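In what follows, a single structure is set out as structure tokens and then discussed.
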Amino acid sequence: MTRKILVISLLISAFLLGFTSNTYAAGGEEDKTSFIMHHVKDSHEWHFATFGHTHVTLPLPVIVYSGDRGLEFFSSTNFQNHETHLFGEEYAHEGYFIDEHDHLGRVDESSFVEFSITKNVIMLFIVLIVVGWLALSAASFYKKNGAVAPKGAAAIIEPIVIFVRDDIAKNSIGPQYKRFVPYLITLFLFVWFGNLLGLIPGAANMTGNIAVTLVLAVLTFIITNVNGNKAYWKHVFMTPGVPPLMLLIIVPVEIIGLFTKPFALMVRLFVAITAGHIVILGFIALAFIFESYTIGIASTLMVTFINLIELLVATIQAYVFTLFSAMYIGSAVAEHAHDDHH
Amino acid sequence: MDLITPGTGLIFWQLFGFLGLLFILIKFAWKPMLAALDERESSIENALKSAETARNEMANLKAENEKLLTEARLERDIILKKAQDASVKMIDEAKEDAIKAGAQMIANAKAVIETEKKAALADIKTQVASLSLEITEKLLRKNLSDDKAQKELVDGFLNELKLN
């Protein structure tokens, strides 16, 4: 089994090196590593491979809303050089342009809101479909068969559901855990599959994008504070056991604490996943920088190794995100705050 | 796009995509699934509980049986002891009766023997008397065989009669 995995990952790595080598081996030091940040960030097109001067890409829709012009749809190909597939301010189309950092701008600099289906949005849809399909087919098993031992998709989803319910929700939230289990399961599956699918070569770094982690962290923040009970708010504004004068210091700290918790959630997932992608791509870049087969083989082995670690990280980060969300919710709904004795 | 600037487009799609997934899954996946899991867990729990109850009942039954058995044994012992006592008593009584009856019989026999003895003695006396009479008669007959003796006797009787 291990041998098979090694062989397959070596083959895939070699394949990817073959794809990218033509593009990057020729350029300068900057060009040889620029693909790393290009991969890690979001993009208006999905670039898969380059053969010589042929770019294999998926052009994506650019959707813009502005007060004066309303909702507009474009294809990302409108904003790039058809030969090199590079974006730039010189390829403006209908008053909009995408700069070399893949950032949408408006020629007349008036305000607009962007709703483009970017690479990460496509990745998001894929993850939503995978998670939704798995969960719904698991649920349909129970509808058909009733309360029996699980099979198929149910056998994959059920242990996760039980794990999230018993080990995360029940332990961290307490007696009121049942209300929050559906959110926590969805969160876990979304982050987990986002992390895992992001590791597939050519996939997007979706859960390593700060917008995605921001939304998840904000949802946890909202759920936590909407469900906050008397003891929770009392702990924030009239921290028990603290002298009145000290409250002047403690209360602002507690209020900042409300926001640092989801902020930490957001940053932790973003950093962990992005860093993993950067490390893997960094090892691949070594081959281009040194232009050596020996380094290529060594870095491929390292990439395989890091990939295995990333599988672990993908699971751990999904667990940690869900666990911390559950703990924050738990601190808000607990009848007696744990820190009453401070 | 910058690394640490969240893009509005992605925020929008992520927010509505995730919320959509959340609501669909809550309604069509997690609710039925969690209910099914609860149902299964409670059915397992019930099965375990009923097994436990059955086991307890079995243990109770066994204890009861044992109790009944011990009681029965005790009763049997009591009955046996009573029977033994009764038999001993009966034997004793029979012995006593036998002794009494024997004594009675001995007394009766003694009385009969006494009577027989008396009768025999009386008989003997009669026989002795008759024998002596016969002997006397024979003697007399011999003594009175001559005339002289007869005369003397008749004279004797006549004397006596005269005297009367």
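The values are calculated or read from the model by the stated rules, or taken from the named source; none is laboratory data. What you see is a predicted model, and the numbers here were worked out from it, not measured in a lab. Cβ: placed from backbone, ideal geometry, glycine included. Neighbour counts: every protein chain shown.
Strands (runs of 3 or more DSSP E) fully within segment A:20-130 that include at least 3 residues being in contact with an Asp or Glu (Cβ under 8 Å, 6 or more places away or on another chain): A:54-59, A:61-66. Any residue in segment A:248-260 that is in a helix (DSSP H, G or I), within 29 Å of A:Ile309 (Cα to Cα) and away from every other protein chain (no Cβ under 14 Å)? Yes, segment A:248-260 has at least one match. Looking at segment A:119-130, which of its residues are at the interface with chain B (Cβ under 7 Å from one of its Cβ atoms) and surrounded by 24 or more Cβ atoms within 10 Å (Cβ to Cβ)? Hits for segment A:119-130 are A:Asn120, A:Val121, A:Leu124.
Counting only residues that are loosely packed, with under 13 Cβ neighbours inside 10 Å and under 17 Å from A:Ser116 (Cα atoms), segment A:41-89 holds 5 of them. Restricting to segment A:262-280, what's the tally of residues that are over 13 Å from A:Gly198 (Cα atoms) and surrounded by fewer than 20 Cβ atoms within 10 Å (Cβ to Cβ)? The qualifying residues number 6. Looking only at residues in segment A:230-259 that are of a type in the set (Val, Ile, Thr) and either in contact with a Lys or Arg (Cβ under 9 Å, 6 or more places away or on another chain) or farther than 23 Å from A:Phe324 by Cα (or both), which one is surrounded by the most Cβ atoms within 10 Å (Cβ to Cβ)? Here the answer is A:Val242. Of the residues making up segment A:37-55, those that are within 14 Å of chain B (Cβ to nearest Cβ) and over 15 Å from A:Ser76 (Cβ atoms) are A:Met37, A:His39, A:Val40. Residues of segment A:199-213 that are surrounded by fewer than 24 Cβ atoms within 10 Å (Cβ to Cβ) and within 10 Å of chain B (Cβ to nearest Cβ): A:Ile210 alone. A residue that is hydrophobic (A, V, I, L, M, F, W, C), within 23 Å of A:Val164 (Cβ to Cβ) and touching a Leu at 6+ places or on another chain (Cβ under 6 Å) can be found somewhere in segment A:263-281. Tell me yes or no: at least one residue of segment A:39-46 is out of contact with any helix residue (DSSP H, G or I) (no Cβ under 8 Å at 6 or more places or on another chain) and aromatic (Phe, Trp, Tyr). No, segment A:39-46 contains no residue that is out of contact with any helix residue (DSSP H, G or I) (no Cβ under 8 Å at 6 or more places or on another chain) and aromatic (Phe, Trp, Tyr). You will find that of B:Glu41, B:Glu52, B:Glu75, B:Glu45, the residue that is part of a helix (DSSP H, G or I), surrounded by 11 or more Cβ atoms within 10 Å (Cβ to Cβ) and more than 7 Å from chain A (Cβ to nearest Cβ) is B:Glu41 and no other. Scanning segment B:24-37 for residues that are within 14 Å of chain A (Cβ to nearest Cβ), surrounded by 10 or more Cβ atoms within 10 Å (Cβ to Cβ), out of contact with any Asp or Glu (no Cβ under 7 Å at 6 or more places or on another chain) and in a loop (DSSP other than H, G, I, E, B) turns up nothing. Taken as a whole, segment A:167-182 holds at least one residue that is touching a Leu at 6+ places or on another chain (Cβ under 9 Å), crowded, with 20+ Cβ neighbours inside 10 Å and within 10 Å of another protein chain (Cβ to nearest Cβ). Can we say A:Val191 is under 20 Å from A:Met123 (Cβ atoms), crowded, with 19+ Cβ neighbours inside 10 Å and free of Cβ contacts under 8 Å to residues at least 12 places away in the same chain? No.
Any idea which residue in segment A:140-155 is nearest to the other protein chains (Cβ to nearest Cβ), counting only those that are touching a residue at least 12 places away in the same chain (Cβ under 8 Å) and surrounded by 13 or more Cβ atoms within 10 Å (Cβ to Cβ)? Ranking the candidates gives A:Tyr142 first.
Got a number for residues in segment A:85-109 being of a type in the set (Val, Ile, Thr) and free of Cβ contacts under 8 Å to residues at least 24 places away in the same chain? The qualifying residues number 1.
Hey, does segment B:56-65 have a residue that's under 28 Å from the mean Cα position of the chain (by Cα) and more than 10 Å from chain A (Cβ to nearest Cβ)? Break it down stepwise before answering.
Pass one, segment B:56-65, residues under 28 Å from the mean Cα position of the chain (by Cα): B:64-65.
Keeping just the survivors that are more than 10 Å from chain A (Cβ to nearest Cβ) gives B:64-65.
Yes, some residue in segment B:56-65 is under 28 Å from the mean Cα position of the chain (by Cα) and more than 10 Å from chain A (Cβ to nearest Cβ).
The condition of being surrounded by 15 or more Cβ atoms within 10 Å (Cβ to Cβ), hydroxyl-bearing (Ser, Thr, Tyr) and modelled with pLDDT under 90 holds for only one of A:Thr300, A:Thr315, A:Thr304, that being A:Thr300. Selection within segment A:102-118: residues that are more than 7 Å from chain B (Cβ to nearest Cβ) and touching a helix residue (DSSP H, G or I) at 6+ places or on another chain (Cβ under 9 Å). The member of this set that is modelled with the highest pLDDT is A:Ile117.
Quick one: is A:Phe35 in contact with a helix residue (DSSP H, G or I) (Cβ under 9 Å, 6 or more places away or on another chain), exposed (fewer than 14 other Cβ atoms within 10 Å of the Cβ), modelled with pLDDT under 85 and aromatic (Phe, Trp, Tyr)? Here the answer is no, as A:Phe35 does not meet what is asked. All conditions but one from (1) at the interface with chain A (Cβ under 7 Å from one of its Cβ atoms); (2) farther than 30 Å from A:His38 by Cβ; (3) more than 60 Å from the chain's Cα centre (by Cα); (4) not aromatic (Phe, Trp, Tyr) apply to B:Thr8; the one that does not is (2).
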